[in-house]
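Working notes, beginning with the structure itself.
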Amino acid sequence: MKSPTHCPSCRQTMVRKTFERQTHGSVELDLCFNCQGIWFDEFESIQITPGGIIELFKLLHEHQDDQRTPLSDPLKCPRCHERLLHGLDVAKHGGKFNYHRCLQKHGRFTTFAQFMIEKGFVRQLNPAEIDELSAKVGIIRCMGCGAPVDIRKEHACSHCRAPITILDPGAVEQALSRFQQAEVRRTTRDVELLGDAIVMREREISRQKRLKREPDNAGIIDAIDLLSAGAEFVWNLVRR
Ligand SMILES: [Zn+2]
Ligand SMILES: [Zn+2]
Ligand SMILES: [Zn+2]
């Protein structure tokens, strides 16, 4: 058995999960939910089966309330402890994604958001959709760098210039269509429904805080994590 992997960012022991591979056998991936990242022991992009993708959404759903830690700089290879190098690549479906790799070829680290872009599960919002979403949600977290973006004022991240993207239920549905057990109920009103889902969830969180008599951090609005909100949304679609 492999020794435990320590997260390249926070150095905590990562959670090891086995995913089915599309071509043959299975692959073990190490996940850190605090840093929202995946460590791949092999450098190549792993083709996970649709069932494995559902498993990943389930995990995101289960860990949606975990504490989030910003990524440290530099990130270090869990095998040789050398600094990981930043890499940028273009996904098959278009769209750039970034990752961090070990020069000694021990593997690579990528965030959940970047993995979703790589797999073509994320799409860019057009200006009309951003306006629609901004009527419900003010500040979101950039999927590229994690910085807060006020979508009422800007249509791209001012830190890393990444466009505003959401998980695309249509793309997820396409990927899952070969997987008989999970048919996604198709919706054409993704943005509206996603906005509603976020608003409902925020209401529920503040209601629970009131019940527990926790201070509501009046005035401090946390940035909305569109990946985790989207993962929740997709999870609700695929679950039966
Ligand atoms: Zn971590
Ligand atoms: Zn290394
Ligand atoms: Zn950014």
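The values are calculated or read from the model by the stated rules, or taken from the named source; none is laboratory data. All values derive from a computational prediction rather than experimental measurement. Virtual Cβ from ideal backbone geometry, glycine too; neighbours counted across all protein chains shown.
For this structure, a couple of remarks:
- Filter result for residue 5 (polar (S, T, N, Q), over 16 Å from the mean Cα position of the chain (by Cα), in the same structural domain as residue 110 (by TED's automatic domain parsing) and surrounded by 14 or more Cβ atoms within 10 Å (Cβ to Cβ)): yes
- Residue 2 being touching a strand residue (DSSP E or B) at 6+ places or on another chain (Cβ under 9 Å), at pLDDT 85 or above and farther than 13 Å from residue 111 by Cα: no
Residue-by-condition table, conditions (1) modelled with pLDDT under 75; (2) crowded, with 19+ Cβ neighbours inside 10 Å:
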residue	(1), (2)
155	no, no
169	yes, yes
181	yes, no
215	yes, no
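Here is a yes/no grid of residues against (1) within 16 Å of ligand 3 (Cβ to nearest atom); (2) modelled with pLDDT of 90 or more; (3) part of a helix (DSSP H, G or I):
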| site | (1), (2), (3) |
| --- | --- |
| 79 | no, yes, no |
| 89 | no, no, no |
| 94 | no, no, no |
| 98 | yes, no, no |
| 103 | no, yes, no |
| 106 | no, yes, no |
| 115 | no, no, yes |
| 123 | no, no, no |
| 129 | no, no, yes |
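- Pick from the stretch 2-20, criterion of a type in the set (Lys, Arg) and away from ligand 2 (no atom under 16 Å from the Cβ), ranking: nearest to residue 69 (Cα to Cα): 16
- Residue in the stretch 52-70 that is at pLDDT 90 or above, part of a loop (DSSP other than H, G, I, E, B), in contact with a Cys (Cβ under 8 Å, 6 or more places away or on another chain) and on the phi < 0 side of the Ramachandran plot present: no
- Any hit, the stretch 41-48, residues being at pLDDT below 90 and more than 20 Å from residue 105 (Cα to Cα): yes
- The lone criterion from (1) in contact with a strand residue (DSSP E or B) (Cβ under 6 Å, 6 or more places away or on another chain); (2) modelled with pLDDT under 90; (3) not in a helix (DSSP H, G or I) left unmet by residue 160 is number (1).
- Cβ-Cβ distances below 9 Å connect the following pairs, each with a first residue in the stretch 57-71 that is in the same structural domain as residue 15 (by TED's automatic domain parsing), a second residue that is aliphatic (A, V, I, L, M) and surrounded by fewer than 15 Cβ atoms within 10 Å (Cβ to Cβ), and a separation of six or more residues or different chains: 65/205.
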